[in-house]
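A short worksheet on the structure shown next.
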Amino acid sequence: MKNILPFINEKKQVYTSINYITDVKQIEYNGLKWIDIVRPTAKEINMLKTMYDFHDLLLEDCLAEHQRAKIDNNDDYSFIVLHLPRYKKELLRLESEEIDIFIGQDYLVTLHEGELKPLVELSKTCYQNEILRKQYMSNGSALLLYEIIKELLDYCFPMLDKIGRHINVINKEVFSNRSKSMLELISRTKMEIISYRSIMKPLRYVMFTLEKVISRYLPEDMDIYFDDITDRTEKIWDMLENYKEVIESADGTFASLTNHTINSLMRTFTIIQVAILPMVLVSGLFSMNVQGIPMHNYSMAFWIVFGMIFIPTLLIGMVLFIKKNDWF
């Protein structure tokens, strides 16, 4: 693999230059440093290599797209990759946003693309507000990470609520509305649930592992905080499982009702074809332009042919009507 990290040797030069980079925030309080990097480039990766001597492969992962969710443990730090859902209004769909995290005893580094509003807002407020710095950064790097993950998971619930509202509309109208718009709503909601589950499934494993790994960075008797993170993750997953069952049921019901409607229409068309069969047959025979057709020159021929067409059609129609209404 080609090395994409042209590392700079002068630590002082790299360390001081970050104050002039708008997409990098250094936030310090009570001996804890939080470095938040939005849209990292090789320059910021070099800075991290110089400051903390992170492994080259892990730093390369921060620049590569579509890394799987995972936790890598090292002697004095851990590397965490998380994926969280984000709803893109312009595309009307859910997509995954990646966050790369380095955590040590006295520092936390977050790298992301700036698409997750809770993380952007949290770093901004901590950077500007000393009271919030004290609130979030007084108890070490692990509890700061807890606050970040909690905000990101809370950000997931409005998207779940939106899916829930769509499902309520579908359940109310699935028996009365079999239009194209209803089919689109069911299909779009189903795809949102599938996308959401594909993001949350690997995240569950990471959260279970994180609950065990994070203990070495936590103050004493603080394990309960990451129990709360696991509970939130499981709550989201349980809601998605319920929504999955409901939307699959609604999709099956909609398909059955649509098929029933089509079958009813085909039955009606068949009845009409059977009812007009004598008319087609007789009119076809007597409309042939050949010699020898009976009653060709007879003055009452029209009325006789009309009776031959109308009377059987009327009888067939009456029989079908009586049968449909179960009169016998």
For this session: Select the strands (runs of 3 or more DSSP E) contained entirely in segment 36-118, then report the ones holding at least 2 residues which are under 30 Å from ILE186 (Cα atoms) and in the same structural domain as TYR196 (by the TED database).
Result: 78-88, 93-103
Exercise. LEU92 fails exactly one of the following numbered conditions: (1) under 22 Å from the mean Cα position of the chain (by Cα); (2) modelled with pLDDT of 90 or more. What is the number of that condition?
Worked result: (2)
Problem set entry | Number of positions in segment 117-165 that are of a type in the set (Ser, Thr, Tyr) and in contact with a helix residue (DSSP H, G or I) (Cβ under 6 Å, 6 or more places away or on another chain) | 5
Seminar exercise, completed: Subset of segment 111-160, residues among the β-branched types (Val, Ile, Thr), touching a strand residue (DSSP E or B) at 6+ places or on another chain (Cβ under 9 Å) and surrounded by fewer than 21 Cβ atoms within 10 Å (Cβ to Cβ), comes to VAL120
For this session: Among the residues of segment 161-208, write down those that are modelled with pLDDT under 90, open to solvent by less than 50 Å² (accessible area, probe 1.4 Å) and over 14 Å from THR253 (Cβ atoms).
Result: SER179
Exercise. Before we move on, is ASP72 open to solvent by 10 Å² or more (accessible area, probe 1.4 Å), of a type in the set (Asp, Glu), over 18 Å from ASP56 (Cα atoms) and in contact with a helix residue (DSSP H, G or I) (Cβ under 8 Å, 6 or more places away or on another chain)?
Worked result: no
Seminar exercise, completed: LEU82 meets each of (1) surrounded by fewer than 21 Cβ atoms within 10 Å (Cβ to Cβ); (2) farther than 15 Å from PRO40 by Cα with one exception, condition (1)
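The values are calculated or read from the model by the stated rules, or taken from the named source; none is laboratory data. On a predicted model such as this, the values are computed, not experimentally measured, just so you know. For neighbour counting, all protein chains shown are included, and Cβ atoms are generated from backbone atoms with ideal geometry for every residue, glycine included. What goes into the accessible areas is simple: the full protein's heavy atoms, side chains included, and nothing from ligands, DNA or RNA. Shrake-Rupley method; radii C 1.70, N 1.55, O 1.52, S 1.80 Å.
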